[in-house]
Amino acid sequence: MSLKGRSYLSVADLTPKEVGEVLRVASEQKSGKVSREQMATLARGRNLAVLFDKSSLRTRLGFEVAMNQLGGHAIYLAPADVRLGDREPVADVAKVLGRTVDGIAARLSQHEFVKEMAECSGVPVVNAMSNREHPCQALADLLTMCEHKGELKGLKLAWVGDGNNVCHSLLLIAAMFGMDIHIASPATYEPKQEMLAKATELAKASGAKIAVWNDAQAAVSGADIVEIDVWVSGGMEEQALRRRVDFRPFQLNMALLKEAKPDAVVLHCLPAHRGEEVTEEVTESPQWVAFDEAENRLHTQRALLSMIFG
């Protein structure tokens with residue numbers, strides 16, 4: 001199955017079969033079934049622009065290491081290097097990049113900027129995170145769930161916290177694979193209705209059930225997987241005090257985690273703010289698999305790039 005030349009802006013850009021193929025390729029590359037020598041031919045001579053308007057650890061590492069292992073080269077463009085939309089219009093930057101590189105990984109605050117990059121560049125664009133979705137994180141999350149839980153259909157996934165970009169992509173990918181998804185967010189912080197509607201459509205085909213609560217305990221009860229995220233993301237600093245008050249009842253502590261199944265695992269896209277969205281006790285427990293998840297960012301992003309560069 002080929003994704004050659006295609007962009008990946010949303011989880012919904014791929015079919016469930018295509019997502020499954022990305023995970024299969026990622027697993028084979030990770031396990032060593034595909035040798036380092038074989039991998040080094042998959043994007044040989046290709047250049048990927050890694051264009052970010054915010055600092056990053058896992059996303060940048062994943063793309064840069066992946067391109068190196070695939071035989072290509074990643075060119076990191078820091079926020080101050082480009083000043084997208086300020087120093088130069090998005091369309092102009094996209095056209096320049098399209099004439100000089102073979103693909104773009106764009107981590108941009110505005111999803112419209114990512115879309116414009118794809119429309120104007122003429123090369124494949126991967127959404128490395130926007131304010132609407134984080135589709136690369138969703139691939140890593142799903143691979144981590146498969147590794148720890150095996151068959152996904154019928155599992156209960158609880159999301160506790162902000163109904164944000166990570167939540168949106170997780171909703172879509174879990175609905176594709178027939179997982180029951182319970183979202184617990186404070187009032188006014190729920191996922192966007194348009195994303196819930198899209199996930200509901202996917203759930204009709206898979207048999208998944210989706211529920212949104214303002215009660216963390218109700219959502220976590222009986223869960224196989226619990227996923228959380230920070231309360232205050234970059235760019236929300238002026239909302240920090242209010243958010244810390246609003247989200248306090250949604251902290252994942254051991255008392256809340258005990259509402260889940262005894263063998264439930266906990267995911268977090270990181271960085272984790274211990275003492276806010278999660279306690280130290282949870283992060284030190286065997287149920288915390290966030291570092292497996294962080295490693296899988298490399299494996300899934302590498303698999304995606306190898307299929308796009310084909």
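Coordinate-derived values only; no laboratory data. Just so we're clear, the structure is a prediction, and the values are computed from it rather than from any experiment. Ideal geometry is used to build each Cβ from the backbone, glycine not excepted, and the neighbour counts take in all protein chains shown.
What whole number of Å gives the distance from the Cα centroid of the stretch 1-42 to the Cα centroid of the stretch 117-149?
What the calculation gives is 12 Å, centre to centre.
Plugging the Kirkwood radius over Cα pairs into Stokes-Einstein for the stretch 35-132, at a temperature of 4 °C and a viscosity of 1.567 mPa s, what D comes out in µm²/s? Provide the component values of the computation, followed by the final result.
Working: Rh = 13.5 Å.
Translational diffusion coefficient: 96 µm²/s.
Run the quick spin-label model on K95 and E28: label points 7 Å from Cα toward the beta carbon, then report their separation in nm to one decimal.
Each label point is offset 7 Å from its Cα along the Cβ direction, giving 4.1 nm.
If you bin the C-alpha pair distances of the chain every 20 Å from 0, what whole percents do you get?
34, 58, 8
If I stretch the segment between K4 and T283 completely, what's the gain in nm (0.36 nm per residue apart, minus their alpha carbon distance), one decimal? Mind dumping the intermediate values first?
Values: separation 279, 0.36 × 279 = 100.44 nm, distance 3.88 nm.
Contour length minus the Cα-Cα distance gives 96.6 nm.
If you average the C-alpha positions of the stretch 289-310 and of the stretch 209-250 separately, how far apart do those two centres end up, in angstrom?
26
Between E119, E237, E28, where does the largest GNM mean-square fluctuation fall for the chain, given springs only between Cα atoms within less than 10 Å?
Its mean-square fluctuation being the largest, the pick is E237.
Would any residue of the stretch 90-127 have its amide N under 13 Å from a label point 7 Å out along Cα→Cβ of K54? List them or say none.
Output list for this probe position: 107-111.
Once Lys and Arg get +1 and Asp and Glu get -1 on their Cβ, which of L270, A260, A218 lies farthest toward the positive end of the dipole of the stretch 169-308?
A218
About its Cα centre, what dipole magnitude does the chain give when the only charges are +1 on Lys and Arg Cβ and -1 on Asp and Glu Cβ, stated in debye to the nearest 20?
Details: 35 positive and 41 negative charges, 161 e Å.
The dipole of the chain has a size of about 780 debye.
Relative to the longest principal Cα axis of the chain, at what angle does helix 111-121 sit, 0 to 90 degrees, rounded to 10?
20
Given a Förster radius of 45 Å and the C-beta distance between A240 and H73 as r, what FRET efficiency does 1/(1 + (r/R0)^6) yield to the nearest 0.05?
Values: r = 38 Å, r/R0 = 0.85.
Using R0 = 45 Å, I get an efficiency of 0.70.
Put +1 on the Cβ of each Lys and Arg and -1 on the Cβ of each Asp and Glu in the chain; which of H73, L108, V160 then has its Cα farthest toward the positive end of the dipole?
H73
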